[in-house]
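Derivation of every value follows stated rules applied to the coordinates shown; laboratory data play no part. Just so it is clear, the structure is predicted and the values come from calculations on it, not from any experiment. We place every Cβ from the backbone using ideal geometry, glycine too, and count neighbours over all the protein chains shown.
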Amino acid sequence: MNNEDTQFLEYIVKSLVENADAVKTSRRVDDMGVFIELIVDPADMGKIIGRNGHTAQAIRTIMKAFGKKHQANISIQIKEPAGGIRDANGTAVKSVDEAIADLKM
């Protein structure tokens with residue numbers, strides 16, 4: 001199962017996003033199992049996370065099932081890209097007023 005898990009994850013994610021070339025994964029194996037970090041284009045984050053996180057949870061569920069088939073515990077972390085809406089402390093970078101002003105055309 002060397003890279004089959006990352007290839008499968010990339011296949012799923014690339015079918016959901018607009019900018020498939022920006023999808024990157026990094027894989028690490030330790031005592032706890034397989035840890036895969038997923039990076040996507042900032043514009044595609046909403047598509048990967050989904051409403052209330054349902055898409056991200058579905059991706060994690062599929063990958064856990066894939067791991068069970070191959071006797072591995074797979075964990076997925078979706079990395080928030082630079083320039084995201086939160087800073088290192090997890091607080092919003094922009095105020096609500098600034099975000100609304102950005103939406104006005």
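Does segment 45-72 hold any residues that are exposed (fewer than 14 other Cβ atoms within 10 Å of the Cβ) and assigned to a helix (DSSP H, G or I), and which are they?
46, 51, 52, 53, 54, 57, 58, 61, 65, 68, 69
Would you pick out the residues in segment 19-44 that are over 19 Å from residue 58 (Cβ atoms) and either among the polar types (S, T, N, Q) or not in a strand (DSSP E or B) (or both)?
Once the filter is applied, which keeps residues that are over 19 Å from residue 58 (Cβ atoms) and either among the polar types (S, T, N, Q) or not in a strand (DSSP E or B) (or both), segment 19-44 yields 19, 21, 22, 26, 31, 32, 41, 42, 43.
Tell me which residues, restricted to segment 9-18, are of a type in the set (A, V, I, L, M, F, W, C) and assigned to a helix (DSSP H, G or I).
Selection gives 9, 12, 13, 16.
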